[in-house]
Each structure stands twice: as structure tokens, then as C-alpha cells.
Amino acid sequence: MKISLSWLNELAPFGDDVAALTDTLDDLGLLVEGIERSGEGLEAVIVARVDKISAIEGADRVREVSVFDGEGQLTIVCGAMNFSVGDLVPLAPVGAVLPGGFEITKRKMRGVESNGMLCAAGELGLEDSADGLMVLNSIDGASPGASFSQSLGIIPDVIFDITVEGNRPDAWSVHGVARDLAARMGLALTLPIAQTQLPTPKADGASAKIEAADLCGRLCVAKLEGIVVGPSPTWIQRRLSASGMRPINNVVDASNLVMLEMGQPTHPYDLAGVDGGGIVVRRAKAGEVLTTLDGVSRTLGLARPGVGTGEDDLVITAASGSVLGVAGIMGGASSEIAASSTSVLLELAYFDAMAIAKTSKALGLRTEASARFERGCDPRIIEAALCRFVDLVKLSCPSASLSSDLVILEGETSEPAKIEISLAAMNRFLGTQLDAAGVATLLEPRLFSCQVDGDTLSVLAPSSRSDIRPMPFGVADLYEEIARTAGYRAMARSYPSWSEPGGLSIQQQLRRSLREICVGLGCSEVWTPSILPDKLVDLAGIVGPALKIANPLSSDESTLRTGMLAGMLQVAQRNLERQRSDVALFELGTVFVHPANMSEPRLARTAGGSASNTVLPGEQERLSLLFAREGDDAKTAVVAWRTLEASLGLEPLVMTPVVAEELPLGCHPTRCAKLTSASGALLGFVGEIDPALIDASGIALVGERRRIGWLDIHVDLLADVGQIPRRPLEAKPISRFPSAAFDLAFVVPNKVLASTLEAALVQAAAGPLESIRLFDVFRGGQLGDDERSLAFELRLSSIEKTLSDADLGEVRAACIAAAESLGASLRN
Amino acid sequence: EQKRELGALIHAAQEQLTEAVSVRRGGLEAKARAQELEADRLDLSETIDSQVRPALSRGHRHLVSQTRDALEDVFCAMGFSVADGPEVETDWYNFEALNIPPAHPARGMWDTFYLDLGEAETVLLRTHTSPVQIHLMEEAVQANSLPIHAVMPGRCFRRDTPDARHLAAFHQIEGLVVDRDITFADLAGTIETFTTAYFGPDIHSRLRPAYFPFTEPSAEYEITCTLCRGAGCRTCSMTGWIELGGCGMIDPAVFEAVGIDSREWSGFAFGFGIDRCAQMRHQIPDMRALIENDLRFVEQF
């Protein structure tokens, strides 16, 4: 909301220290988002008369203009075309500094020396209403050499752009802001005194009817005769402009000014356009269509997602039934004030805030009026607003008179909240040391009334503060009001402590370990999108039915990820494109599972923790590593996995090749293994990316082979020590006797996994086995195509003795026998 | 059971891949591909660790996760535990339980992504970490385990077009204290403790009245401008202060929604952007650098 300092200063002597005022407004919760200065920097600008206009040879965009500045003739080169000889225009002479710091200097353009600048409104920091120069012929007192700003009566002003918070309905008006500011600064507030006396209103009559008393708490209909539609006084126009509203005519401007000043929207109708001479507020019929002032056809009374049933949409109709507008939001065109209007029907209403909010949201239509109604207007300000409206209209239209046919109808309004607080409890809660008088000093200038009874303070909120809830919640609202008005910055601070220790959960600690291990593996952490663009979905696919965003920012970016592969491939591709050869990445994050893919879908809970029927997607925490450096392949991923396994102290998991129906999306069908625990829990996959996918992703890899290593782990499962057990905590004793090692090389059919053979050897050597290590894999030579040689080093030791040759021989023999039982043979 | 779930996932995935591959490769003979893949077959257990190129240098943590850890550490040292919560929420947890009824004008503060799942506009991507507060309080009520002293970091989503200061997906950390006799002064003191602990001893905090439906009194909290250290610069519009986040005393309506007796318990909550914190600390002109994942950026941290 834009408020000018000159306007505020008319209500109380706030002064001109803009920085201090801004700071005070901020501290009151009236956040100053911006400060504009208008009418400054115009001191040097004068009025000049155009005496001669001539073309400059070879230039069709500028002309040479000779002006009289009150003392002599000046030559100016000017690009505007909207003026002629004899016109009075603003002249910024050489040396003038215009708003925005632009300094006028002598310049040569097209061979002609220009001795100043003729100005458009925008160049002077004024409302930019028309193209070209300001033409000042019609301004009284404008003569060559006269001060421009004096001629126009422009006074330098400051405009505060204030953000009004949702719980400050009182501050949606200049008077409200001034009241709050004056109270803080200890200044007396002087509001305009009403000249108009209202006739005694009737509680019924043909001119007004409420058919939805629950949503229209009050309705005042007044009629004004003798209206002559014309322009408003300049000061009203200027105020509206400064507040960002366009001046229209004296009736509409008066309505708008009342809204800005007092926060009460009013709606003037041309009485001749109101069929039957009266209006009705009623609920819209389901599917009722009307065209609003902005020319848009709008349908009311229908249910819309998230905005309710639509049955609280309100319309204003003429007594005869024809629809005039959407109540509290926007009128229709038929009854608009026109130049020919002679009688006005003024509607002043109090509408239910939520009803207006819902309709406004449903229609996607927010106006100055709806913004105020949906925050909650003051239902008791209607009479004062009417008086002010009549006073303002009369300024430009003395013939206007208020008809005695004034109707004010009462619907349902809630009473202002009455709150009882204990001063001691309040001081404890806020950390303040205020007595009753101190609290009253804060609240009473803001129209709260206070009564003290010992420690109990009874407070009646003003009708302008619908945000203050009744007891018991209202206590918190009142605490806030007291804290706010006392000033948050002035409040005491204390430092609470408690006996419970802080810290991270097992899974949170695990996350940190995982990140550290991944970084140690040379991988850098990335953050890829949770909402995938279609091109990535098309590239790498998603698991199961897509989880789609109903209202995506852009239609080609609407699918929740089911894995991290697509996003990470894209990151790899981009970095490789930038000639990075060291692309090794990891990401730890959430992926989503469609409920259709879950055996037991996650059910939402509602109030009180009870289950509802709303089904939610599953969420899994995933760790993925991608290795795209030169030489990286499935084996890199295997070593990464082994490092993770060892660093986390896991009981070894089993790595088995995946069969076709187990293969995860995007993985290499013959170079991928699954990782399962002894209990059969599937922890993840290790291997390579499908070469077809690498080709499709446009990744250009260094080296001959298109290989990218890939490791994908379910972190939630990893955190579950029941499913993925850890090695025992107890330390294993180290043998003090020398250990002995021997190597065994076997020729093994390809179909027997190295890990299978290794497991058999471990079992055969169990007891004395200290470690086993595959150290050579050999293919070719004398060996057949379907076999290879695998060489292991076994290290044995005993905690009790030095192992003898016989002991070693026994183990060796057992190992060979175990290998042979798998179809392997000892290699010579 | 989890196995069955995964099995189904994998099966569906395989089907999709087969289809995708056949489309992408423009009908490359399935046979040729099968042969090629078979020739490429690898027994992963043949991997010899010492033959795989060792990583000679460490990788780099993402700035956001580093910042998150650093923030968690400060709060843990202050006695907070750390809580997680789901990224997909219902309207109840994200809004209604937080005293934001449907169509409430305050909903305009959070542009929301809704999922195309179930009834329209019931399932959404959380717009803030505050729903975790509701989960924590509900759980504590059920387990009779109040008080709560927790921070809740996590990823949130808002339907905002990304720009230099906003991302549609971003990270927040939120704190919640529910205990006996917790006061507004405790809130201000806790925020000051955190501010000096995290940003340094010459960076302080102050509160300014604000409005959030789930807290009353509510405040924005500002810290000494980390660029000019309070002297006044363009970043802080010459005020010496920059806005960090929101905070306030838990609104009694929120306590009522989760079944906590606000005569016995009081509490406060505060929250701010982790990404924003990182942006301020490292003077990153455009926040979108955080999601570009350019290694030249990532490896600076």
C-alpha cells in the first residue's frame, strides 16, 4: 500500500526524517518495502515558451526548437513532436539535475548545440500519462521563466510502499497507519471532521435487501441527487495517483479516496442504471454468469478445488433481479458512473472475510476492495465513510445532496473480542515488566479499551481489529499486540536450556558417514531435480506409473523422480561437455514411489493422528554414485561398494548378477549385480549404465569404451540394522604367532562366479583363515573361451600357535577339494 | 514385503527400458544388442581392488548439504535433536493443522505444487518444513513424550519461477521448542545464540513484527548484514540488517489441532532457508548456481 508522507503529515506532525520514520514503521510491523520520492530535483526546472521549430538537415527524429525562457532565446534540440509554436513546456536548463541524478549539459547533436532539455512528465519523476513533452498552456500562473513546480503546485513528497501483514486489517488505510505511527511516536492524531449530517437511517426499505445475512453483516444504501460528474479537485487526483490509483471522476475518486483513507470500500452506482432503484445482496446461483467491469465473463456458485463449494459466492443485484456485480470484488458495466449520471446509489457493506477471499481466489480476481474485505473491514465505520464520501463529492459538486432515503440493514456480525489476561502471565510470557497503565498506554491510542481489576486486565478490541480472536486464542493475539506496540527490539532476551541432549539420529549420522565416504571415493555431491523434465523421463524412464504434478510451472516439467539416474546422467553429460574428464558424482536424496507400486500404500493421517483415505506416494532415501572418469566401469563401482561396506562396518552382503526381470532401469543387463543381505534384504545395485542409454544421453566419454560405473543404495534399508546387520562391536584378537600365506590359482568355468569360489574357499579354510584376496584374473592362452583362471592369496594364522606345514597342507587340500566340487581345477 | 515391492518396481522398470531402448535405437536388432551385451558380460566379483584406479583426490560436498550439516551442528550443540519428514504431504499437515484453512488469504504466501493423486488439491509437495512440526507434536502427544526441542531441515517446493534469489525446490531448516514456561524472550534469546554461534560474534539478530498463521506473536528475524557488518551497504539497503527468516510463539490454534494443552505447554518455532544462508555466506549472486551442478562451482566448497 502506497502512502505519501504529505498525507501522513496532515494527520499528525510526523516530520520529515524519512529514515527514522521508515525504521519506526518497520518496527511496528508496517514493513516499508520501498520509498519513492516525487517532485524532488525540479528546483531548476522552469516554464519556457516555444517560439520557433525548425527541421535539422538529415535528421528526422529531432528538431531544432527555439524557446523563450523569460530572459532570452535558447536553442534546444528536441526529439518530441507533440507541441507547436506558442506552447508552454518545461525546460531543464544547463546545470539542472533531474530526479534520478541526470545532469543537463550543453550537447551538440546533429551539428546543433542544445542548451538544455525540454521535458516529458516521466523525465521529471511525475506521473507518466502521455507521450511527449508536458504542455502547460492550461496551467494558471505558468509563464515563461516561472518555476515549473510552483506553477503546478508540486511539493516534494515521499511515498512509502508499505506491506500490510495479514493480521492488520486496521492498517489497510492511511488513517490506520497514521494512528499506529502516532501512537508509537506519542503524537496526537487529527482526522478530517465530517461536515455531513446523516439522516436517521431506516432499517428496511425498497432500496436495500440482504438475502444472505450470514455473509453480509451490514448493508448501507445511500442515494445522492444533484450530481454533476466532472474531475476531482487536483489534491484528490494527486493523492490517488500517489497511491497508485488512476483518477477517474469526482464520484469514483471520492469512493476510492474514502477506501484509501478509512479502509472501507464503497461502490457507487448510477442510480438510473439500478433497475428498481435498490440493491439486493444474495448468494450466487450455481453456474450464474456475469460480466465484470473489466469485460471478463465470470461464472459463480460452482465448487472449485481448494476453494470450497462456491455456495458462498455473493452477488449484488438490482431490486428487479438483474445482476450488478460480484459483491465486494468488482461491479458490472451496466451501472457504472458515467458523465451523464445525475443520481448516485452508494453501497457500503460489510462482507464476511472468508466468503470474499474464497470468491476472489476462485475467480482469480483481486481488487483493492477485495483485498480489504478479505482481511476483515471495520463493520462500524460505514456511517463515517458515508459522511466522508458526501463531503468529498461536495467539494467538486456543491449541488450534491444526500437523500433522506437512507437504509442501513443489519445482518450477522461478530462482536469485537473481549479478552481477559493476567498481567503477571503476560509479563512472564513476553519477558516484559509492564503494569496495567503501561499496557493501557500502548493499547488505548489504538482504540482498544482496557479495564483493570487487580492482576486481571480486560480488553475490548476495536471493531477495526477482526484479527483479534475471542478467548482463549485471543490471548495470544493480545500478547502480540502488546509486544508489537511495545517494540520487539526493546524486549528482553533469555536463554532457555533443558536437560535432554541434542544430537543426530542413527540415519542422520549414517547420511553424514555416507557423504564423507563418497567424498573420500573422489565423488562430488550434486543436487539434481526432484521434478523431472519430460526429456529426462523420456531418456531414462521412470519406475511404474508416473507421479505427476497437477499444476506444474511448465507443462514439460511435471514428473516426480523415481530414481536419481536421469538427473545425474544429465549432470555428467554437461560437465563432460565442458571438457571435465574427472566426473565422479554422488547424490543423496528422496525419490518417490507411486502408491500403485506399493504393497502397503502410505495413508495420510488427519486431525488427531487418525488414518484417512488419502493415499500418499512412498518416499525412499537413495544414495547414488556415478563414475564417468577415464577407465571407470562396473569395477570402479564394485570397489566403491566394497569401500562403503567396509567403512560402515557391515556384515558382508552378497553380490549376485541380476537376471533380466530384476534389472533396474537404465542398468547394463550383463554388467550389473544386486546387493543382498544374509536375510535377503535387497540393499541396492552395483554395475554399469546401459550403453544404449549412454548413447542416447549424448554423453561423449573419453577413451574407447562407453562405460559409466553406477552404484545405487537404499539408505532407509541401510539404516535398518536388523535388515542390514553390522559387524559385532567386539574386537577380534590378533594372533601373536606368524601368519603363513599360499596362493591358489584355479581354472574356473565362466558360469561359476569368482565370489562363489571365494565363498567356498572361505568355508574350506574357516578357522585359520586370516584373509583371502583375489589377485589375478587371466583369460586366453591355453584356456578355453568359457573359462578363466582366478588366483587367490590365502593368509592363515592361529591365535594359539605357529601353523605347521601339515596344518597348511590340510587347509590347502580342503580348499582344492572345495574348488573342484564347483567344477574348478587347480592350475599348474 | 519390501522385496516384493522392489520386485514389482524392477519388473516395471525393465519393461520400460526395453521399450525405451527399442524406440531410441530405432529398431536396432534386439538380437544384435543381446549378442553385444553377452560378449560384454562381466562377473563383477572378479574385481581386484588394487587394479581399480584409486581416487587420488577427494570429491566435494555440495554447498547446501555442507551448510545444512553446519547448521545442524550448531543446533545440536544448543541441545536440539534433528527431525526429518516427508516431502509429499497432505493439505492437513502443510496448511490446515498450521491454522491455515482452505482459501485463507494467507495461503497466498505459499504457491503450492499439487500432485495429480486422489482428490484434487489434497496431496502436495510441502511448501515449508512446518508440517514436520505437526508430525513431531502429534507423535509426542501419542507417546506422551513432550517436551520437544528439535530442528527440521529438508527440501521444500514452491511454485515460483526460479530467479537469482528463489528456486522452485529449496531447503529450509526449522526449529521447534515445546516445553513448560517457554517465553517470547526465550525465542529471541535462542535466535541470538544461534546467530552469533553460526555467523560469528559480531553478527546479531533482531525481531520485527510479522504475520504467520501458525505463530502468535510472530516475527521476521533479521541479522546484521554479513557483507558490511552493519555499516550499511547496497545489499542491506543501507539499513545494516538483512532478513533471514520467520519465527514466533506457537499459535494456540496449532496446539489445539495437535491436542496439546496450551495452558500447560508453550513453545516457539523459527525457520529460514539453508540455500539462502549459503548464498549470503558465500556471496553467490545467483542461487541457480546451486542446482546447475557445474563441477567448477561444486569444487569451490
Listing of strands (runs of 3 or more DSSP E) fully contained in the range A:36-142 that carry 2 or more residues being open to solvent by 30 Å² or more (accessible area, probe 1.4 Å): A:46-56, A:59-68, A:73-78, A:107-109
Residues that are crowded, with 24+ Cβ neighbours inside 10 Å, in contact (Cβ under 8 Å) with a residue 60 or more places away in the chain and more than 14 Å from chain B (Cβ to nearest Cβ), drawn from the range A:315-330: A:327
Extreme residue, farthest from residue A:582 (Cα to Cα), among residues of the range A:621-636 that are facing chain B (nearest Cβ under 10 Å) and assigned to a loop (DSSP other than H, G, I, E, B): A:633
Failed item in (1) among the hydroxyl-bearing types (Ser, Thr, Tyr); (2) within 30 Å of residue B:238 (Cα to Cα); (3) open to solvent by 20 Å² or more (accessible area, probe 1.4 Å), with residue A:4 passing the rest: (3)
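Considering every residue within the range A:461-473, establish whether at least one is over 36 Å from the mean Cα position of the chain (by Cα), open to solvent by 30 Å² or more (accessible area, probe 1.4 Å) and either modelled with pLDDT of 95 or more or farther than 17 Å from residue A:168 by Cα (or both). Walk me through it before giving the result.
Step one: filter the range A:461-473 for residues over 36 Å from the mean Cα position of the chain (by Cα), giving none.
Within the range A:461-473, not a single residue is over 36 Å from the mean Cα position of the chain (by Cα), open to solvent by 30 Å² or more (accessible area, probe 1.4 Å) and either modelled with pLDDT of 95 or more or farther than 17 Å from residue A:168 by Cα (or both).
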Where residue A:387 falls short, out of the listed (1) assigned to a helix (DSSP H, G or I); (2) touching a helix residue (DSSP H, G or I) at 6+ places or on another chain (Cβ under 8 Å); (3) open to solvent by 10 Å² or more (accessible area, probe 1.4 Å): (2)
Condition met for residue A:762 (outside any strand (DSSP E or B), more than 57 Å from the chain's Cα centre (by Cα) and at pLDDT 95 or above): yes
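Identify all residues within the range A:785-800 that are open to solvent by 30 Å² or more (accessible area, probe 1.4 Å) and either within 14 Å of another protein chain (Cβ to nearest Cβ) or modelled with pLDDT under 95 (or both); write none if there are none. Explain how you work it out, then say what you get.
As a first pass, look at the range A:785-800 and keep what is open to solvent by 30 Å² or more (accessible area, probe 1.4 Å): A:785-787, A:793, A:795, A:799-800.
Within the range A:785-800, A:785, A:786, A:787, A:793, A:799, A:800 meet the criteria.
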Set A:226, A:287, A:263, A:278: member being modelled with pLDDT under 95 and at positive phi: A:287
Hits in the range A:749-766 (condition: farther than 20 Å from residue A:635 by Cβ and free of Cβ contacts under 8 Å to residues at least 24 places away in the same chain): A:762, A:766
Members of the range A:481-491 that are more than 7 Å from chain B (Cβ to nearest Cβ) and assigned to a loop (DSSP other than H, G, I, E, B): A:487
All positions within the range A:544-563 that are within 19 Å of residue A:625 (Cβ to Cβ) and over 26 Å from the mean Cα position of the chain (by Cα): A:563
Meets criteria (polar (S, T, N, Q) and open to solvent by less than 10 Å² (accessible area, probe 1.4 Å)) for residue B:94: yes
Among (1) exposed (fewer than 13 other Cβ atoms within 10 Å of the Cβ); (2) modelled with pLDDT under 85; (3) acidic (Asp, Glu), the one test that residue B:38 misses: (2)
Qualifying position, being over 20 Å from residue B:62 (Cα atoms), open to solvent by less than 10 Å² (accessible area, probe 1.4 Å), in contact (Cβ under 8 Å) with a residue 24 or more places away in the chain and in contact with a Lys or Arg (Cβ under 9 Å, 6 or more places away or on another chain), among B:177, B:151, B:132: B:132
Residues of the range A:531-568 classified as at the interface with chain B (Cβ under 8 Å from one of its Cβ atoms) and free of Cβ contacts under 8 Å to residues at least 24 places away in the same chain, total: 7
Residue within the range B:162-169 that is within 30 Å of residue B:281 (Cα to Cα) and either in contact with a Ser or Thr (Cβ under 6 Å, 6 or more places away or on another chain) or at the interface with chain A (Cβ under 8 Å from one of its Cβ atoms) (or both) present: yes
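Got a sec? Which of A:583, A:615, A:571, A:638 is of a type in the set (Val, Ile, Thr) and more than 30 Å from residue B:50 (Cβ to Cβ)?
On the way: A:583 fails: more than 30 Å from residue B:50 (Cβ to Cβ); A:571 fails: more than 30 Å from residue B:50 (Cβ to Cβ); A:638 fails: more than 30 Å from residue B:50 (Cβ to Cβ).
After ruling out the rest, the residue left standing is A:615.
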Top-ranked residue of the range B:41-56 - restricted to ones that are assigned to a loop (DSSP other than H, G, I, E, B) and more than 7 Å from chain A (Cβ to nearest Cβ), ranked as modelled with the lowest pLDDT: B:54
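Starting from residues that are facing another protein chain (nearest Cβ under 7 Å) and surrounded by fewer than 23 Cβ atoms within 10 Å (Cβ to Cβ), keep the ones in the range A:665-680 and report whichever is farthest from residue A:650 (Cα to Cα).
A:670
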Unmet criterion (only one of (1) open to solvent by less than 50 Å² (accessible area, probe 1.4 Å); (2) at pLDDT 95 or above) for residue A:507: (2)
Some residue of the range A:354-361 being modelled with pLDDT of 90 or more and touching a Leu at 6+ places or on another chain (Cβ under 6 Å): yes
Total residues in the range A:216-248, condition surrounded by fewer than 19 Cβ atoms within 10 Å (Cβ to Cβ) and either under 33 Å from the mean Cα position of the chain (by Cα) or polar (S, T, N, Q) (or both): 5
Of all residues in the range B:68-116 being among the hydroxyl-bearing types (Ser, Thr, Tyr) and at the interface with chain A (Cβ under 7 Å from one of its Cβ atoms), the one that is farthest from residue A:308 (Cα to Cα): B:81
Hits in the range A:251-265 (condition: open to solvent by less than 20 Å² (accessible area, probe 1.4 Å) and under 13 Å from residue A:346 (Cβ atoms)): A:251, A:254, A:255, A:258, A:259, A:264, A:265
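Out of the range A:357-372, which residues are touching a residue at least 40 places away in the same chain (Cβ under 8 Å) and of a type in the set (A, V, I, L, M)?
Of everything in the range A:357-372, those that are touching a residue at least 40 places away in the same chain (Cβ under 8 Å) and of a type in the set (A, V, I, L, M) turn out to be A:362, A:363, A:365, A:369, A:371.
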Some residue of the range B:209-218 being closer than 16 Å to residue A:488 by Cα, among the aromatic types (Phe, Trp, Tyr) and in contact with a helix residue (DSSP H, G or I) (Cβ under 7 Å, 6 or more places away or on another chain): no
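The values are calculated or read from the model by the stated rules, or taken from the named source; none is laboratory data. Because the structure is a prediction, the values reported are computed rather than measured. All Cβ positions, even for glycine, are placed from backbone atoms using ideal geometry, and neighbour counts span all protein chains on display. Ligands, DNA and RNA are excluded from the accessible area calculation, which covers all protein heavy atoms including side chains. Shrake-Rupley method; radii C 1.70, N 1.55, O 1.52, S 1.80 Å.
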